[in-house]
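Taking it in order: structure first as structure tokens, then the write-up.
The values are calculated or read from the model by the stated rules, or taken from the named source; none is laboratory data. This one's a predicted model, so the numbers in the text were calculated from it and none came from an experiment. No Cβ is skipped: glycine too gets one built from the backbone with ideal geometry, and neighbour counts run over all protein chains shown.
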Amino acid sequence: MPWISRGARVVTTRWPRRADQYADRFPATVSPTSAFASPEMAEVCPTGAIRVDDDQVRVDRGRCILCGRCVRHFPRHFRFTPGSEIARLARDALVVPELDKTDGAVRAVRDELSARTRALRRSVHIRHIDVGSDGADEWEVLALLNPIYDVHRLGIFFTASPRHADILLVTGVGTRGMREPLARTLDALPRPCVVIAAGTDAISGGLVHPTYATHGGIADLVPVDVWVPGSPPTPFSLLHGILLAIGRMSS
Amino acid sequence: MIGSHTTIETYDVLSWRKEICARVGAGRRFAGLFATVDDPVVRLSALVTADCDIDVLDTTVPLEVSQYPSLASVLPSAAWYEREIHDTTGLVPVGHPRLDPLVLPLPGDARRPMPGSKTPAPSVDLDESTIPPRVLGHGIFTIPHGPVRSGVFESVEYLVETPGEDIPYVGIRVYAKHRGIEKRFEGLTTQEGVLLAERVEGVASVAHALAFSHAVEKLADITPPPRAQYWRVILAELERIANHLDVAMKCADAAGLAVAVARFGYHKENILRLVGAVTGSRFGRGIVVPGGLAREIAVEPGELATRLTEIIGHVRADVELLMSTSSFLDRLRTTGPLDPTLARVHGALGPVGRASGLDDDARWFRPYDGYAKLPPLPAPSSAVGDALARLQMRWAEIWNAAELIRRAADVLEEIRSEVLCTDVADCGGRAVGWAEAPQGEVLYAVECEDGRIRRCKPRSASFHNLVLFHDVFRGDIFTDFPFIEASFGLSIAGAAG
């Protein structure tokens, strides 16, 4: 059996137990680098992710599609930020720099989620559902199973049946045609369960929303517990979101 | 080289239909059809290949008449296009063989999105009961696969009609995923539009950005600087390699070859990481813009070629092993055959068409960017047409892609100029741009007014090829389904719009 000789070398990351260079260095987000704010900054952003208020500029990572236009137009005020641990437990916590009020709110959410997922902590089954992605998100979700990420080592499994699933991993902008199938799938999950909005499209609709056939993300369709930004979210960010959901990592 | 403008001819409805058929009869390929609502008329635009170009043939139908003699009744490959137009505008092609809803099942009295119209489109509520069931024959029942499918897939519903084991007919329902993305282009600037184009079919972001940019570059009458042109070749070919490896992985998965799945998944990840190192995005997004490239490339061309050669060396060893694994080949051989005559009549695109005897490839027949200056390197077509031939075509394309990248990298080492982008002035008019995506030829028909998009019609290869699913299941059974689906390598996002 010649296949047996393949893959004798270990290529799998040790993350999160050990640091991973790729996870740490990949530019998965954009951040403002100074407090300097001007209204023109908001104008270069095609999705309204840049907010300028009270002389403070903020980037809403839940809207950012990482096109880099702000970095190009204002290189001294925005930059791509390395690091994959970008999933959050509250929608507001995706805004950087953080709004003052989010801290306490996130703590309450984390405690509730932690209590809910205690039984799932060591092994979870995930059901993925696409509700209007561009197709790239599915590649990144599927990448979690390749030998580099190999999420089985962490007790994370994908399942075909929603009845066996603990986590519903949702990609896509939320099309009107997928509203019903999404609701039915969530209904079929046993409780307790967790819903992850994977990607900027699922969080806010990204650049695709608004159209006659979309909802702006899935927040109005299902109760979301974890938010993973990215267009599409990278495998490390997705993994961070999953581990966050079951209380095995902090945000 | 891409011509400097797109030829647009206008006909009355009857001679329009005749002219399209005459051109197709003379060996041209029907490449697409779309509608633009321009109150009080609807303009129908057919896309037909020409020498090194794509021509646009227009006709108009008054909105109050809202019907015209169907093109599909004489040109079957127009069938899905007319169904899509009926969904979005309500226009009725009289004599259409089967005018079921395709992307938007709406009740008869619903307001439709009206692409091109300046009035905003109201949100739609889909009504599946508007799709009549098809089931024909004794003892036949239907099994719905989807829209939520078992595994990590894009949402699509295949309605398999079967007497038990054979698959006499597969119904294809893509509407659940319809995002109305065409309409979203309207009113955007061309610099925003290219970002949206990347999201029409996310696994072919670079090809879509290229096709859109080519259309805009025609309108603005500019040529990107040479450095950008060769980098575009490299990015497009890396995308091709990643997509073909994805197909290999899914074929191996269908055969239950866990090690092969892991190996090809590993290679694909390495290609995505290479794209990420070059562009900052694992899908090469935000880099191709009208005029050239948006930002500096982070990797030297020579270093990129070295890293790629190493990855391709590993791929080669695994391909040799896979293609000598008989339990795998047995599942692909004679599975999902696409008849060469049907492929030609339909104008099947990309590797699917090239594995069924066609040789059309936008890179060499209608060359753009660096492809126009590099010596042509087409993969030889095959007339076998089964899933195995399609996979073999993809291997050949991977090796050629690697060679093209090496050649482009060599040229880039010699280019001294630093310029990566030409300024694009606010432009107006209509033009068609194209690129050869991993799935096949992508077309963008773009209409601008003062630098803003008035109408944009992306035509993905996935949309054009997906209809062929109706014809490739003859003689095959349930367990062949994943092989056939994987060997087509299509994206539902691109097909559903």
Handout entry: Lone unmet requirement of (1) at pLDDT below 95; (2) in contact with a Cys (Cβ under 8 Å, 6 or more places away or on another chain) for B:GLY164
Key = (2)
Handout entry: Single residue of A:ALA219, A:ALA160 found to be within 16 Å of the chain's Cα centre (by Cα), surrounded by fewer than 24 Cβ atoms within 10 Å (Cβ to Cβ) and over 24 Å from A:PRO82 (Cβ atoms)
Key = A:ALA219
Exercise for the section: Would you please name the residue that is farthest from the other protein chains (Cβ to nearest Cβ), looking only at residues in segment A:238-251 that are of a type in the set (Gly, Ala, Ser) and surrounded by 24 or more Cβ atoms within 10 Å (Cβ to Cβ)? Expected result: A:ALA245
Problem - Residue among B:PRO69, B:PRO107 that is surrounded by fewer than 19 Cβ atoms within 10 Å (Cβ to Cβ) and farther than 27 Å from B:ARG184 by Cβ - result: B:PRO69
Completion exercise
By residue number, the members of segment B:263-303 that are facing chain A (nearest Cβ under 8 Å) and not in a helix (DSSP H, G or I) are B:GLY280, B:SER281, B:ARG282, B:PHE283, B:ARG285, B:GLY286, B:ALA294, B:ARG295
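Is at least one residue of segment B:118-141 closer than 30 Å to B:VAL289 by Cα and more than 10 Å from chain A (Cβ to nearest Cβ)?
yes
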Handout entry: Condition met for B:VAL424 (under 27 Å from B:LEU75 (Cα atoms), in contact with a strand residue (DSSP E or B) (Cβ under 9 Å, 6 or more places away or on another chain) and not acidic (Asp, Glu))
Key = no
Exercise for the section: Give the residue that is nearest to the other protein chains (Cβ to nearest Cβ), with candidates limited to residues of segment A:183-216 that are at positive phi and touching a residue at least 60 places away in the same chain (Cβ under 8 Å). Expected result: A:GLY206
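In the set B:VAL194, B:VAL174, B:VAL200, which member is in the same structural domain as B:ARG240 (by TED's automatic domain parsing), under 21 Å from A:ARG179 (Cα atoms), hydrophobic (A, V, I, L, M, F, W, C) and buried (at least 24 other Cβ atoms within 10 Å of the Cβ)? Walk me through how you get there before you give the answer.
Working: B:VAL194 fails: under 21 Å from A:ARG179 (Cα atoms); B:VAL174 fails: in the same structural domain as B:ARG240 (by TED's automatic domain parsing).
Going through B:VAL194, B:VAL174, B:VAL200 in turn, just one is in the same structural domain as B:ARG240 (by TED's automatic domain parsing), under 21 Å from A:ARG179 (Cα atoms), hydrophobic (A, V, I, L, M, F, W, C) and buried (at least 24 other Cβ atoms within 10 Å of the Cβ): B:VAL200.
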Handout entry: Qualifying residues in segment B:182-203 (those that are over 19 Å from A:VAL173 (Cα atoms) and part of a helix (DSSP H, G or I)) - the one nearest to the other protein chains (Cβ to nearest Cβ)
Key = B:GLN191
Exercise for the section: Please work out if A:VAL71 is out of contact with any Ser or Thr (no Cβ under 8 Å at 6 or more places or on another chain), touching a residue at least 40 places away in the same chain (Cβ under 8 Å) and not aromatic (Phe, Trp, Tyr). Expected result: yes
Exercise for the section: All but one of (1) over 30 Å from B:LYS218 (Cβ atoms); (2) surrounded by 23 or more Cβ atoms within 10 Å (Cβ to Cβ) hold for B:LEU274, so report the exception by its number. Expected result: (2)
Practice task
State whether the residues of segment A:99-109 include one that is at pLDDT 90 or above and more than 10 Å from chain B (Cβ to nearest Cβ).
Solution key: no
Completion exercise
Counted residues in segment B:79-89 being in contact with a Gly (Cβ under 9 Å, 6 or more places away or on another chain) and of a type outside the set (Val, Ile, Thr) come to 2
Exercise for the section: Would you be able to tell me the number of residues in segment B:403-416 that are more than 14 Å from B:GLU300 (Cβ to Cβ) and in contact with a helix residue (DSSP H, G or I) (Cβ under 6 Å, 6 or more places away or on another chain)? Expected result: 1
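Checking the structure you have, find out if any residue of segment B:204-222 is within 14 Å of another protein chain (Cβ to nearest Cβ), crowded, with 24+ Cβ neighbours inside 10 Å and not in a helix (DSSP H, G or I). Explain how you work it out, then say what you get.
Filtering segment B:204-222 down to residues within 14 Å of another protein chain (Cβ to nearest Cβ) leaves B:204-209, B:212.
Adding the requirement that they be crowded, with 24+ Cβ neighbours inside 10 Å leaves B:204-209, B:212.
Checking the rest, the ones that are also not in a helix (DSSP H, G or I) come to none.
Taking every residue of segment B:204-222 in turn, none turns out to be within 14 Å of another protein chain (Cβ to nearest Cβ), crowded, with 24+ Cβ neighbours inside 10 Å and not in a helix (DSSP H, G or I).
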Exercise for the section: Spot the failing condition for B:ILE143; the list is (1) in contact with a helix residue (DSSP H, G or I) (Cβ under 9 Å, 6 or more places away or on another chain); (2) outside any loop (DSSP other than H, G, I, E, B); (3) surrounded by 14 or more Cβ atoms within 10 Å (Cβ to Cβ), and only one is missed. Expected result: (3)
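Looking at A:PHE36, is it within 11 Å of chain B (Cβ to nearest Cβ) and touching a residue at least 12 places away in the same chain (Cβ under 8 Å)?
Values: within 11 Å of chain B (Cβ to nearest Cβ): no; touching a residue at least 12 places away in the same chain (Cβ under 8 Å): yes.
Considered against the rule, which asks whether it is within 11 Å of chain B (Cβ to nearest Cβ) and touching a residue at least 12 places away in the same chain (Cβ under 8 Å), A:PHE36 comes out as no.
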Fill in the blank from the handout: A careful count of residues in segment B:364-377 that are farther than 20 Å from B:ALA228 by Cβ and assigned to a helix (DSSP H, G or I) gives 2
Problem - All positions within segment B:366-377 that are touching a residue at least 60 places away in the same chain (Cβ under 8 Å) and either aliphatic (A, V, I, L, M) or in contact with a strand residue (DSSP E or B) (Cβ under 8 Å, 6 or more places away or on another chain) (or both) - result: B:ARG366, B:TYR368, B:ALA372, B:LEU374
Handout entry: Of all residues in segment B:231-252 being under 30 Å from B:GLU418 (Cα atoms) and in contact with a Pro (Cβ under 7 Å, 6 or more places away or on another chain), the one that is surrounded by the fewest Cβ atoms within 10 Å (Cβ to Cβ)
Key = B:GLU239
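I'd like the residue in segment A:64-74 that is assigned to a loop (DSSP other than H, G, I, E, B) and more than 15 Å from A:PRO232 (Cβ to Cβ) and, out of all such residues, is nearest to the other protein chains (Cβ to nearest Cβ). Explain how you work it out, then say what you get.
Pass one, segment A:64-74, residues assigned to a loop (DSSP other than H, G, I, E, B): A:64-68, A:74.
Still in the running and more than 15 Å from A:PRO232 (Cβ to Cβ): A:68, A:74.
On the way: A:GLY68: 5, A:PHE74: 14 Å.
Within segment A:64-74, the match that is nearest to the other protein chains (Cβ to nearest Cβ) is A:GLY68.
Given the criteria buried (at least 24 other Cβ atoms within 10 Å of the Cβ) and in contact (Cβ under 8 Å) with a residue 60 or more places away in the chain, does A:ARG127 qualify? Give the steps one after another, and end with the answer.
Values: buried (at least 24 other Cβ atoms within 10 Å of the Cβ): yes; in contact (Cβ under 8 Å) with a residue 60 or more places away in the chain: yes.
Yes; evaluated as a whole, the condition is true for this residue.
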Practice task
For residues that are in contact with a strand residue (DSSP E or B) (Cβ under 7 Å, 6 or more places away or on another chain) and within 13 Å of chain B (Cβ to nearest Cβ), scanning just segment A:219-237, find the one that is nearest to A:ILE65 (Cα to Cα).
Solution key: A:GLY230
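With the requirement that a residue be in contact (Cβ under 8 Å) with a residue 40 or more places away in the chain and either surrounded by fewer than 21 Cβ atoms within 10 Å (Cβ to Cβ) or over 22 Å from B:HIS470 (Cβ atoms) (or both), what does segment B:338-359 give you?
As a first pass, look at segment B:338-359 and keep what is in contact (Cβ under 8 Å) with a residue 40 or more places away in the chain: B:338-340, B:342-343, B:345-353.
Within segment B:338-359, B:ASP339, B:PRO340, B:LEU342, B:VAL345 qualify.
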Fill in the blank from the handout: By residue number, the members of segment A:138-164 that are more than 7 Å from every other protein chain (Cβ to nearest Cβ) and under 18 Å from B:PRO147 (Cα atoms) are A:THR159, A:SER161, A:PRO162, A:ARG163
Fill in the blank from the handout: Only one of B:LEU420, B:LEU412, B:LEU388 is under 19 Å from B:GLU296 (Cβ atoms) and either crowded, with 22+ Cβ neighbours inside 10 Å or outside the structural domain of B:LEU238 (by TED's automatic domain parsing) (or both), namely B:LEU412
Practice task
Quick one: which residue in B:ALA254, B:ALA294, B:ALA242, B:ALA298 is in contact with a helix residue (DSSP H, G or I) (Cβ under 8 Å, 6 or more places away or on another chain), without any contact (Cβ under 8 Å) to a residue 24 or more places away in the chain, farther than 15 Å from B:HIS208 by Cα and hydrophobic (A, V, I, L, M, F, W, C)?
Solution key: B:ALA298
